[in-house]
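> One structure, as C-alpha cells, below. Some questions next.
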Amino acid sequence: MAQGKILLKSGTLWTSVKERTKHALQCGALLSIPTEFEFVEQDEVRFLVRILSNLDRKDAAKQKQKKQTVSSGKDFNPFLPYEEDLFVADISDTHVCILNKFNVVEYHLLIITRVFEEQESLLTVEDFVAMLACLADFDGLAFYNSGKIAGASQRHKHLQVVPLPLTPSGAQIPIELLLASAKFQDSIATIPGFPFVHAFATIDPHWASPLAAAEATLECYHTLLRAVGLNGVDGKSGAYNLLATREWMLIIPRSQEHFQSICVNSLGFAGALLVRNEQEMKILKDQGPMTILKNVACSM
C-alpha cells in the first residue's frame, strides 16, 4: 500500500491506551468529565443516559479556543499539533491515535488524520485501514460524526472509538436487540424498530488482509450512503452518523444537531445519550429517547 501503511504493531494498542491514559491523567492533559447515568426505556430499548456533573473545564477550554481563533484570524485546531501527552500510537502513515481530552467514556480514542481534512469529507480507504487496525486490536465501537449537524465539534477529520461493552451489564450496546431483527434486501438491511431513515449492513470479520478488509468496508460504506440518498458530491455528502464494529456498519442521515437543547451524536443512535443537566434529563424522559432520535434524524 502506498498510503495507509499500518505502523501499529499488532496486539499493542490496548496496552498503550491504558498506559497513556494513566500518564495523561497524572500530568493533567486528560480532563475526564464525571457523569452519573441511568437507564431510560422506550420501544423495548434500555437507553443509557449519562448526565454531566461538571462542564466547567470543557467550557473554559472552548472559550480559550475562541480567543485563539480571534487572535490568530483562523480556526483553532487542537489536532495540529495534537498534545503529545494525549498521544497513544501511530496507526498508519496517514493516521494517529490520541486520547479524547474531555472524555465521558473511559478509554475514548480519536483516530485523526496527520494532515488537515474536513470532517464533512467522505471517508477513504486510508480512514478504514486505520479504523480496522484499531478494531482488530480490541473490541470497540467506531463512529464518525459527519459535520456539525451530526454532532461533530471539530472540523479536522477524526473517527472515534470507544471500548465495548457500552453498558455496565447486559447487551454490548443498548440497540443490540433491534439490530438482531434486521430485515435484509440483498446486502442492505433496515431495522424495524428505527422510526427514521437508516441503512445497515454486516461486515465479514475474517479479513484476508488489512487492505482487502478496508476496501471491502469502503465499498460497504458507499453502498449504505447510496441506500439513504447520500451519494456524495465533490468529495462530500450530507450530514450523517456512522457506527461500526468488527461485524456491522450503520448509517443515519441527520436533519438537525439538537432536539431542543439536547445535542445528539453517533453514540445516541447506539442507545447512549448525554444530557448536560437535570432540565435536559426531564426533557428526555418526557419526550422519550427514541422520539428525540427520530426528530434529529430524517423522516421515513
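> With touching a Leu at 6+ places or on another chain (Cβ under 7 Å), closer than 18 Å to Trp248 by Cβ, of a type in the set (A, V, I, L, M) and crowded, with 17+ Cβ neighbours inside 10 Å as the only criterion, which of Ala189, Ala182, Ala199 stands out?
Values: Ala189 fails: touching a Leu at 6+ places or on another chain (Cβ under 7 Å); Ala182 fails: touching a Leu at 6+ places or on another chain (Cβ under 7 Å).
It is Ala199.
> Mind checking which residues of segment 93-119 are out of contact with any helix residue (DSSP H, G or I) (no Cβ under 6 Å at 6 or more places or on another chain) and β-branched (Val, Ile, Thr)?
Matches in segment 93-119: Val96, Val104, Val105, Ile112, Thr113, Val115.
> Which one is nearest to the chain's Cα centre (by Cα) among residues in segment 269-300 that are within 19 Å of Ala182 (Cα to Cα) and in a helix (DSSP H, G or I)?
Phe269
> Hey, another quick one. Out of contact with any helix residue (DSSP H, G or I) (no Cβ under 9 Å at 6 or more places or on another chain), closer than 21 Å to His156 by Cβ and at pLDDT below 60 - does that describe any residue in segment 72-90?
So far as segment 72-90 goes, yes, one or more of its residues are out of contact with any helix residue (DSSP H, G or I) (no Cβ under 9 Å at 6 or more places or on another chain), closer than 21 Å to His156 by Cβ and at pLDDT below 60.
Let's see how each residue does on (1) modelled with pLDDT of 95 or more; (2) touching a Phe, Trp or Tyr at 6+ places or on another chain (Cβ under 8 Å):
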| position | (1), (2) |
| --- | --- |
| Asn100 | yes, no |
| Val105 | no, no |
| Ser121 | no, no |
| Met131 | yes, no |
| Phe143 | yes, no |
| Gln154 | no, yes |
| His158 | yes, yes |
| Val162 | yes, yes |
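> Taking only segment 171-199 into account, find how many residues are over 18 Å from Gly140 (Cβ atoms) and touching a strand residue (DSSP E or B) at 6+ places or on another chain (Cβ under 9 Å). Break it down stepwise before answering.
Going residue by residue through segment 171-199, those that are over 18 Å from Gly140 (Cβ atoms) are 177-178, 180-199.
From the residues that got through so far, the ones that are touching a strand residue (DSSP E or B) at 6+ places or on another chain (Cβ under 9 Å) too are 177-178, 182-184, 187-199.
Qualifying residue count for the region: 18.
> How many residues does segment 92-112 hold that are of a type in the set (Ser, Thr, Tyr) and within 15 Å of the chain's Cα centre (by Cα)?
Pass one, segment 92-112, residues of a type in the set (Ser, Thr, Tyr): 92, 94, 107.
When the remaining residues are screened for being within 15 Å of the chain's Cα centre (by Cα), the result is 107.
Within segment 92-112, residues that are of a type in the set (Ser, Thr, Tyr) and within 15 Å of the chain's Cα centre (by Cα) number 1.
> Just the residues that are free of Cβ contacts under 8 Å to residues at least 40 places away in the same chain and more than 14 Å from Cys97 (Cα to Cα), please, taken from segment 14-27.
Kept after step one, since they are free of Cβ contacts under 8 Å to residues at least 40 places away in the same chain, are these residues of segment 14-27: 15, 19, 22, 25-26.
Within segment 14-27, Lys22, Leu25, Gln26 meet the criteria.
> I'd like to know if segment 44-59 contains one or more residues that are at pLDDT below 95, among the acidic types (Asp, Glu) and either within 30 Å of Ser181 (Cβ to Cβ) or in contact with an Asp or Glu (Cβ under 8 Å, 6 or more places away or on another chain) (or both).
Yes, some residue in segment 44-59 is at pLDDT below 95, among the acidic types (Asp, Glu) and either within 30 Å of Ser181 (Cβ to Cβ) or in contact with an Asp or Glu (Cβ under 8 Å, 6 or more places away or on another chain) (or both).
> Please state which one of Phe200, Phe138 is farther than 22 Å from Thr223 by Cβ, among the aromatic types (Phe, Trp, Tyr) and within 18 Å of the chain's Cα centre (by Cα).
Details: Phe200 fails: farther than 22 Å from Thr223 by Cβ.
It is Phe138.
The values are calculated or read from the model by the stated rules, or taken from the named source; none is laboratory data. Just so it is clear, the structure is predicted and the values come from calculations on it, not from any experiment. We place every Cβ from the backbone using ideal geometry, glycine too, and count neighbours over all the protein chains shown.
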